[in-house]
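Undergrad: My questions all concern the structure below.
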Amino acid sequence: MANTNTAHGESHVQHHFVDSEQQFDSSKLGMWIFLVTEVLFFGGLFVAYIVYRAWNPELFYMSAKELSTMMGAINTIVLIGSSLTIALAVRAAQLNQQANISKYLLVTIFLACVFLVIKYFEYTSKFAVGILPGELYTYEGIDHPGAAIFFSIYYMMTGLHGIHVIIGIGIMVWLLVKTRQGAYNSSYFTPIEITALYWHLVDLIWIFLFPLLYLIE
Amino acid sequence: MLETINRLILPQVSSTFAADVDGLFTFINVASAIILLGITVAIIYFSIKYRRKSEDDVTPVIRYNTTLELTWTIVPFILILIVFGWGFRGYIDMRTPPSNAYEIYVTANSFFWQFTYPNGVQTTDELYVPAGRPVKLIMQSRDVIHSFFVPDFRVKQDVLPGRYTMAWFQTLGTGEHIIFCTEYCGTGHSQMDAMVYAIEPEEFDAWLREQRELSEQELPLAVLGRNLYQQQGCAGCHSLDGSPGIGPTFQGLYMNERQFTNGTTRIADAEYLRESIVNPAALINVGYNNIMPSYAHLSDDQVAALIEFIKEIE
Amino acid sequence: MAATAKDLNIREFPVEENPKHHYLNAETGLKSWLFTVDHKRIGLMYLASIILFFFVGGVLALALRLELWEPARTFMDADTYNRVFTLHGAVMVFLFIIPSIPAALGNFFLPMMLGAKDVAFPKLNLLSFWIYSFGALFTLYSIAHGGVDTGWTFYTPYSTSTGTAVISMTLGVFIMGFSSILTGINFIVTVHKMRAPGQTWGKLPLFIWSLYATAIIQVLATPVLAITLLLLIMERTLGVGIFDPALGGDPVLYQHFFWFYSHPAVYIMIVPAFGIISEVISTFSKKTIFGYWLIALSSLAIAFIGFLVWGHHMFVSGQSELATVIFSFLTFFVGIPTGIKILNWVATMYKGSIDMKTPMIYALMFLFLFSIGGFTGIMLGALSVNVHLHDTYYVVAHFHYVMMGGTVFAFLAGIHYWWPKMTGKMYNEFWAKVASVVLFIGFNVTFLPQFIMGSQGMPRRYYSYIEQFQTLHQTSTVGSWVLGVGFIIVGIYLTISLFSKANKASSNPWGARALEWMSSSPPAHHNFNYTPVVLHNPYDFHKPISEFRLGIDGSGHGEETESKVELSSDKA
């Protein structure tokens, strides 16, 4: 999918594709299938979540109260906002507005970083009281023998999601560099389009994680 | 002839299930052999009859034949329905022990089997059962997953840590039969065998009494359970005479249908009692609060003892 | 049709015999291999890797069989034996059989059969290979650090408590999973987007259909394995407790997760084999394949049902009786599409012009061995019988008949079928036939006794056994030596064929019709120097071969051409 050709016109088409459209369609289909695998990847954790919640409903209720709903909510808004800005970046590419591509990519990267910073504060405040995954768990505020399991699932789900955010930031920084070099225009913006697809999925997974982990009534 | 072949490739028939399992085994083998023979003969016949005579051979264009395709879809479909139904019936038998089955607790360890009888007698790697009587095994592992397998009985069941599983059988007569562990469990997996001795019921009773006397210091399970009932403080909340307490009474609890705060119901069988001891918060009886602490620190024998004790409070 | 063809400048492109320039000498040097994006070279690198690992797994298997010569110790202790059978399973499953047909033969031939110059994402393809190699390194690391003794299934809680190198092994498998996912994505996109003009879904070679079905399974199932292994690693390192009953977890949940991947993975291993068999039987019968759509769609049906039957590995695991009954019922439905395939292949031979060359011999052996694998699968699906046979040698024999008698024999058919295309050389037909017979005999002598042992109750994964089984074990061991000899013969004559000069293969030695045979042997760097155009089903042997070599000048074919060709082929 990577393309290092900076010239305009059809020269970005790789040798084995017939035309630009075939290349674009292929990349997009490839990304969609990749997203399916991502959903299944997280799906395993969601199944584990469902099973343990079914077995220990009151534990999930007690543990969720330990999490800061406020921080989670802010992060949700931040990520939804970043989904919007990356969509605007794609729009800017379609309209051939190179300056706007850069601008919206920058905002998206900024929002992603905000998300990570908030997550960092959340994690450290938990670490401080001894809420750590698995055997390292020492917190005594929750009166339940399985409390460590909830937080293990919490750390694995949010941690895996966090890794996806970091990878997303890496890709967007790279896109930003290429955009500044003038690699993308209205006839070729496949990498931006498929990165946006990826980013929407990262956002979507968080939209599931937030109520499942923070808003248990 | 089929019987002769079966005797060569199957273990002896020593439980009430075995004949039915062997019947299905034979049915599938015969049906498969007929179809396989047909396929093989067709392949060989076609290979000879239609071998290439010249490089310019012209072959007919046959793309499809609905009748043929339907035939070899429907015939196998009927066959597998028969196989499924037959296997299903046999399996249901294996999973439904008669209510009068004689119960023995089985504990699997790496790499030996322990058997605990209702009167507290414990044996290791030797399982004595009354011949011709249904025997129910209530099994649990102390470490990793094991599996209890008696080829002569056609009985197999995985044995899990932290949970009871069940198997039962009824022998056709007296005899000795080997037990294998069939779930890989480490270094000694292949040495984790034991023996079943099916002996005449009178002989069995005598054996049990004899063992009991041999180890007078060892208490019957139910007695051990009564001691635990006092020692562990169960008596503080659970009465034995039906009088209301902080928790439900033990009187008539065993096999009683319980109603829970989450709206479900369940029969208070051994597995329910075990769960309620080690993880009392899982299911809360209607009319009571979630305050009982977990007794997961009790050994499996102690839990079994408590359950045997509860069973006796009628 | 002729008029339309003229308008579009569709003409026949003759094939260059014994080309001077081809993909093997287009570039030279080690770098030109290690960093190639050419799907053919990547395919060959996979082929070399999997042959290496097949050798490793095979030697381990011979060691296991030798150890079982005596009821007690023959030459290794129990811990070593446990490590060896675990490695044999893990190497054969994850390093050999899963990548075997799709990654090696599939990579080489999928784009060629579609008339494409490469897969959709060539760089990703190279990345898959490197991820696979990287994962393999982890596996080797774990072998060097004492190995793993859990069995290839890594069942908890044993795998979380044993002292062996489980983490590096599972990490290796985890990493190789990504290779499998990326290959799957690549194939799906290639099949959807890169087909030659005129090549509708109904004109796809059946090997493509089977790879397509396989790719779908790879993409849907492998992520679940990845997350399962990740959970297992967390369990070992952090004591997360999800599979640990002591912490409120459930070991049976691990089995559900594991088999949710690993049962579909069985179809990742066998479905590509179906594709090879379709190609070979049709070509060597010189006859239109019987029931094209049934064979094509039954692959997809098997892929779909394969996701619903994982619980049949767990009939006695302590899962609920209801689940067991449902899984048993669904399991039988895999048998129907599989049976349909076998009978369609046999029907294809009817009134054919059968040329008993080596690939055909292997394909027919496949039909016999795989049928036995299928029937014994029905046996194991039957609930009450399964209780008796579960985790005995019967199961071992069953999956070897499917995986080895099925996939490996089909793989051998494929190797012999495409060898002249891949290398431009022809092997010695006489020795190839001798080897096929030796392998067939060796295979049956090895594994038929295991059905009997299993029926009698011999459990699997046993280091020592009771004396009653000794004769059968020794027969099986002797069979494994015959198998070993057979593979040595194959290795020798194939190697000789590579280096001798006199045996140049023609571009289409078998008179096949699919697109890969319309390129030179070995193929050109970019497969075709024109854009191939497809008018006929690849099994239309009644059409003149010249109509399978049609194409348009130039490398591009564009949307416009595409639609016109579809029109013209409709008229034809």
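The values are calculated or read from the model by the stated rules, or taken from the named source; none is laboratory data. All of these numbers come straight from a predicted model, not from anything done at the bench. Please note: Cβ atoms are built from the backbone with ideal geometry, for glycine as well, and neighbour counts cover all protein chains shown. Heads up: the accessible areas ignore ligands, DNA and RNA and are worked out on the full protein's heavy atoms, side chains in. Shrake-Rupley method; radii C 1.70, N 1.55, O 1.52, S 1.80 Å.
Undergrad: Can you find a residue in the stretch C:315-325 that is of a type in the set (Val, Ile, Thr), more than 25 Å from C:Met360 (Cα to Cα), within 11 Å of another protein chain (Cβ to nearest Cβ) and not in a helix (DSSP H, G or I)?
TA: Looking only at the stretch C:315-325, we keep the residues that are of a type in the set (Val, Ile, Thr), and these are C:316, C:324-325.
Add one more test, that the residue is more than 25 Å from C:Met360 (Cα to Cα), and what stays is C:316, C:324-325.
Filter once more, so that each one left must be within 11 Å of another protein chain (Cβ to nearest Cβ): C:316, C:324-325.
Restricting the remaining residues to those that are not in a helix (DSSP H, G or I) gives C:316.
Scanning the stretch C:315-325, I find at least one residue that is of a type in the set (Val, Ile, Thr), more than 25 Å from C:Met360 (Cα to Cα), within 11 Å of another protein chain (Cβ to nearest Cβ) and not in a helix (DSSP H, G or I), so the answer is yes.
Undergrad: Please specify each residue of the stretch C:177-191 satisfying the condition of being more than 7 Å from chain A (Cβ to nearest Cβ), of a type in the set (A, V, I, L, M, F, W, C) and open to solvent by less than 10 Å² (accessible area, probe 1.4 Å).
TA: We begin by selecting, within the stretch C:177-191, every residue more than 7 Å from chain A (Cβ to nearest Cβ); these are C:177-180, C:182-184, C:186-187, C:190-191.
Right, trim to of a type in the set (A, V, I, L, M, F, W, C) and you get C:178, C:182, C:187, C:191.
Residues satisfying the conditions are C:Phe187, C:Val191.
Undergrad: For the stretch C:348-377, enumerate the residues that are open to solvent by 30 Å² or more (accessible area, probe 1.4 Å), under 23 Å from B:Pro76 (Cα atoms) and of a type outside the set (A, V, I, L, M, F, W, C).
TA: Hits for the stretch C:348-377 are C:Tyr350, C:Gly374.
Undergrad: Further question on the same structure: Tell me yes or no: at least one residue of the stretch B:190-199 is in a strand (DSSP E or B), facing another protein chain (nearest Cβ under 7 Å) and aromatic (Phe, Trp, Tyr).
TA: The first filter runs over the stretch B:190-199 and keeps only residues in a strand (DSSP E or B), leaving B:194-199.
Then keep just the ones that are facing another protein chain (nearest Cβ under 7 Å); that gives none.
No, every residue in the stretch B:190-199 fails to be in a strand (DSSP E or B), facing another protein chain (nearest Cβ under 7 Å) and aromatic (Phe, Trp, Tyr).
Undergrad: Given (1) more than 30 Å from C:Ser285 (Cβ to Cβ); (2) within 11 Å of another protein chain (Cβ to nearest Cβ); (3) not basic (Lys, Arg), where does C:Asn527 come up short, assuming only one miss?
TA: Condition not satisfied by C:Asn527: (1).
Undergrad: Another one. Name the residue, out of C:His39, C:His21, C:His88, that is touching a residue at least 24 places away in the same chain (Cβ under 8 Å) and open to solvent by less than 10 Å² (accessible area, probe 1.4 Å).
TA: C:His39
Undergrad: Let me ask something else. Could you tell me which residue of the stretch C:481-516 is surrounded by the most Cβ atoms within 10 Å (Cβ to Cβ), considering only residues that are in contact with a strand residue (DSSP E or B) (Cβ under 7 Å, 6 or more places away or on another chain) and in a loop (DSSP other than H, G, I, E, B)?
TA: C:Ala505
Undergrad: Still on this structure: Out of A:Ile192, A:Ile163, I need the residue that is at pLDDT 90 or above and closer than 22 Å to C:Leu231 by Cβ. Which one? Give the steps one after another, and end with the answer.
TA: On the way: A:Ile192 fails: closer than 22 Å to C:Leu231 by Cβ.
Selected residue: A:Ile163, the only one of A:Ile192, A:Ile163 that is at pLDDT 90 or above and closer than 22 Å to C:Leu231 by Cβ.
Undergrad: For the stretch B:37-73, name all the residues that are part of a loop (DSSP other than H, G, I, E, B), open to solvent by less than 100 Å² (accessible area, probe 1.4 Å), more than 7 Å from chain C (Cβ to nearest Cβ) and under 28 Å from C:Asn508 (Cα atoms).
TA: Within the stretch B:37-73, B:Ser54 is the sole residue that qualifies.
Undergrad: Quick check on B:Tyr102: is it in contact with a strand residue (DSSP E or B) (Cβ under 8 Å, 6 or more places away or on another chain) and more than 8 Å from chain C (Cβ to nearest Cβ)? Please lay out each step first, then the result.
TA: Values: in contact with a strand residue (DSSP E or B) (Cβ under 8 Å, 6 or more places away or on another chain): yes; more than 8 Å from chain C (Cβ to nearest Cβ): yes.
Considered against the rule, which asks whether it is in contact with a strand residue (DSSP E or B) (Cβ under 8 Å, 6 or more places away or on another chain) and more than 8 Å from chain C (Cβ to nearest Cβ), B:Tyr102 comes out as yes.
Undergrad: While we're looking at this one, here's another question. Is it true that some residue in the stretch C:371-394 is assigned to a helix (DSSP H, G or I), more than 10 Å from chain B (Cβ to nearest Cβ), over 27 Å from B:Arg89 (Cβ atoms) and of a type outside the set (Val, Ile, Thr)?
TA: Taking every residue of the stretch C:371-394 in turn, none turns out to be assigned to a helix (DSSP H, G or I), more than 10 Å from chain B (Cβ to nearest Cβ), over 27 Å from B:Arg89 (Cβ atoms) and of a type outside the set (Val, Ile, Thr).
Undergrad: On to the next question. Considering only residues of the stretch C:219-241 that are free of Cβ contacts under 8 Å to residues at least 60 places away in the same chain and among the polar types (S, T, N, Q), which is nearest to C:Met176 (Cα to Cα)?
TA: To start, the set of residues in the stretch C:219-241 that are free of Cβ contacts under 8 Å to residues at least 60 places away in the same chain comprises C:219, C:222-228, C:230-231, C:234, C:238-241.
Narrowing the set further to residues that are among the polar types (S, T, N, Q) leaves C:222, C:228.
Details: C:Thr222: 10, C:Thr228: 14 Å.
Checking each candidate, the answer is C:Thr222.
Undergrad: Okay, moving on. Does any residue of the stretch C:257-271 turn out to be hydrophobic (A, V, I, L, M, F, W, C), open to solvent by less than 10 Å² (accessible area, probe 1.4 Å), within 14 Å of chain B (Cβ to nearest Cβ) and assigned to a helix (DSSP H, G or I)?
TA: Initially, the stretch C:257-271 is screened for residues hydrophobic (A, V, I, L, M, F, W, C), giving C:257-260, C:265-266, C:268-271.
Next cut, open to solvent by less than 10 Å² (accessible area, probe 1.4 Å) only: C:258, C:265, C:268-271.
Filter again for within 14 Å of chain B (Cβ to nearest Cβ), leaving C:258.
Keeping just the survivors that are assigned to a helix (DSSP H, G or I) gives C:258.
Checking the stretch C:257-271: at least one residue is hydrophobic (A, V, I, L, M, F, W, C), open to solvent by less than 10 Å² (accessible area, probe 1.4 Å), within 14 Å of chain B (Cβ to nearest Cβ) and assigned to a helix (DSSP H, G or I).
Undergrad: One residue is enough: does the stretch A:16-32 have a residue meeting the conditions closer than 21 Å to A:Ile169 by Cβ, more than 14 Å from every other protein chain (Cβ to nearest Cβ) and modelled with pLDDT of 85 or more?
TA: Scanning the stretch A:16-32 turns up no residue that is closer than 21 Å to A:Ile169 by Cβ, more than 14 Å from every other protein chain (Cβ to nearest Cβ) and modelled with pLDDT of 85 or more.
Undergrad: Another question about this same structure. Is there any pair linking a residue in the stretch B:14-36 that is in contact (Cβ under 8 Å) with a residue 40 or more places away in the chain to one that is assigned to a helix (DSSP H, G or I) and among the basic types (Lys, Arg), with Cβ under 9 Å and at least six apart or on different chains, and which?
TA: B:Asp20/B:Arg89
Undergrad: Would you check which residues across the stretch C:434-477 are of a type in the set (A, V, I, L, M), within 28 Å of C:Lys357 (Cα to Cα) and open to solvent by 10 Å² or more (accessible area, probe 1.4 Å) and list them? Full working, then the answer.
TA: At the first step, the residues of the stretch C:434-477 found to be of a type in the set (A, V, I, L, M) are C:434-435, C:437-439, C:441, C:445, C:448, C:452-453, C:458, C:466, C:472.
Pick out the ones that are also within 28 Å of C:Lys357 (Cα to Cα) and you get C:434-435, C:437-439, C:441, C:445, C:448.
Selection gives C:Val434, C:Val437, C:Val438, C:Ile441, C:Val445, C:Leu448.
Undergrad: If I filter the stretch A:92-147 down to residues being closer than 15 Å to A:Glu66 by Cα and of a type in the set (Lys, Arg), which single residue comes out as nearest to the other protein chains (Cβ to nearest Cβ)? Break it down stepwise before answering.
TA: Step one: of the stretch A:92-147, the residues closer than 15 Å to A:Glu66 by Cα are A:119, A:121-133, A:137-144, A:146-147.
In the following step, the residues that additionally are of a type in the set (Lys, Arg) were identified as A:119, A:126.
Values: A:Lys119: 19, A:Lys126: 15 Å.
Within the stretch A:92-147, the match that is nearest to the other protein chains (Cβ to nearest Cβ) is A:Lys126.
Undergrad: Here is a further query. Can we say C:Lys6 is part of a helix (DSSP H, G or I) and at pLDDT below 95?
TA: Values: part of a helix (DSSP H, G or I): yes; at pLDDT below 95: yes.
In short, yes.
Undergrad: Sticking with this structure for a sec: Restrict the check to the stretch C:307-326 and report whether at least one residue is more than 23 Å from B:Tyr91 (Cβ to Cβ), touching a residue at least 40 places away in the same chain (Cβ under 8 Å) and crowded, with 23+ Cβ neighbours inside 10 Å.
TA: Scanning the stretch C:307-326 turns up no residue that is more than 23 Å from B:Tyr91 (Cβ to Cβ), touching a residue at least 40 places away in the same chain (Cβ under 8 Å) and crowded, with 23+ Cβ neighbours inside 10 Å.
Undergrad: When you check C:Phe304 against the structure, is it surrounded by fewer than 20 Cβ atoms within 10 Å (Cβ to Cβ) and either more than 7 Å from every other protein chain (Cβ to nearest Cβ) or outside any helix (DSSP H, G or I) (or both), yes or no? Don't jump to the end; show me each part of the working.
TA: Working: surrounded by fewer than 20 Cβ atoms within 10 Å (Cβ to Cβ): yes; either more than 7 Å from every other protein chain (Cβ to nearest Cβ) or outside any helix (DSSP H, G or I) (or both): yes.
Taking the combined requirement at face value, the residue satisfies it.
Undergrad: Further question on the same structure: Going by what's in this entry, would A:Ile50 be described as within 14 Å of chain C (Cβ to nearest Cβ), open to solvent by 20 Å² or more (accessible area, probe 1.4 Å), out of contact with any strand residue (DSSP E or B) (no Cβ under 9 Å at 6 or more places or on another chain) and in a helix (DSSP H, G or I)? Working first, answer last.
TA: Working: within 14 Å of chain C (Cβ to nearest Cβ): yes; open to solvent by 20 Å² or more (accessible area, probe 1.4 Å): yes; out of contact with any strand residue (DSSP E or B) (no Cβ under 9 Å at 6 or more places or on another chain): yes; in a helix (DSSP H, G or I): yes.
Yes, satisfied.
Undergrad: Could you tell me which numbered condition C:Ile342 fails, if it satisfies all but one of (1) at the interface with chain B (Cβ under 9 Å from one of its Cβ atoms); (2) closer than 16 Å to C:Ala410 by Cβ; (3) open to solvent by less than 10 Å² (accessible area, probe 1.4 Å); (4) of a type outside the set (Asp, Glu)?
TA: Condition not satisfied by C:Ile342: (3).
Undergrad: Give me the residue from the stretch C:192-240 that is crowded, with 24+ Cβ neighbours inside 10 Å and not in a helix (DSSP H, G or I) and, out of that set, farthest from the other protein chains (Cβ to nearest Cβ).
TA: Among residues in the stretch C:192-240 that are crowded, with 24+ Cβ neighbours inside 10 Å and not in a helix (DSSP H, G or I), the one farthest from the other protein chains (Cβ to nearest Cβ) is C:Pro205.
Undergrad: For the stretch B:140-185, which positions are more than 7 Å from chain C (Cβ to nearest Cβ) and in a loop (DSSP other than H, G, I, E, B)?
TA: Answer for the stretch B:140-185, where residues must be more than 7 Å from chain C (Cβ to nearest Cβ) and in a loop (DSSP other than H, G, I, E, B): B:Arg142, B:Asp143, B:Tyr164, B:Leu172, B:Gly173, B:Thr174.
Undergrad: Checking the condition open to solvent by less than 10 Å² (accessible area, probe 1.4 Å) and part of a helix (DSSP H, G or I), which residue from A:Phe208, A:Phe151 passes? Full working, then the answer.
TA: On the way: A:Phe208 fails: open to solvent by less than 10 Å² (accessible area, probe 1.4 Å).
After applying the criteria, what remains is A:Phe151.
Undergrad: Looking only at the stretch A:168-183, which residues are among the polar types (S, T, N, Q) and in a helix (DSSP H, G or I)? If you could, list the steps in order and put the result at the bottom.
TA: Taking the stretch A:168-183 first, the residues among the polar types (S, T, N, Q) are A:179, A:181.
Matches in the stretch A:168-183: A:Thr179 only.
Undergrad: Right, here's the next one. I need the full set of residues from the stretch C:69-127 which are of a type in the set (Phe, Trp, Tyr), over 18 Å from the mean Cα position of the chain (by Cα) and away from chain A (no Cβ under 14 Å), in order please. Reasoning before the result, please.
TA: Let us first name the residues in the stretch C:69-127 that are of a type in the set (Phe, Trp, Tyr), namely C:69, C:75, C:81, C:85, C:94, C:96, C:108-109, C:121.
If we keep only those that are over 18 Å from the mean Cα position of the chain (by Cα) too, we end up with C:69, C:75, C:81, C:85, C:121.
Within the stretch C:69-127, C:Trp69, C:Phe75, C:Tyr81, C:Phe85 meet the criteria.
Undergrad: Can you give me the number of residues within the stretch A:166-189 that are under 19 Å from the mean Cα position of the chain (by Cα) and at pLDDT below 90? Give the steps one after another, and end with the answer.
TA: Step one: filter the stretch A:166-189 for residues under 19 Å from the mean Cα position of the chain (by Cα), giving A:166-176.
Those still in the list that are at pLDDT below 90 too: none.
Selection size over the stretch A:166-189: 0.
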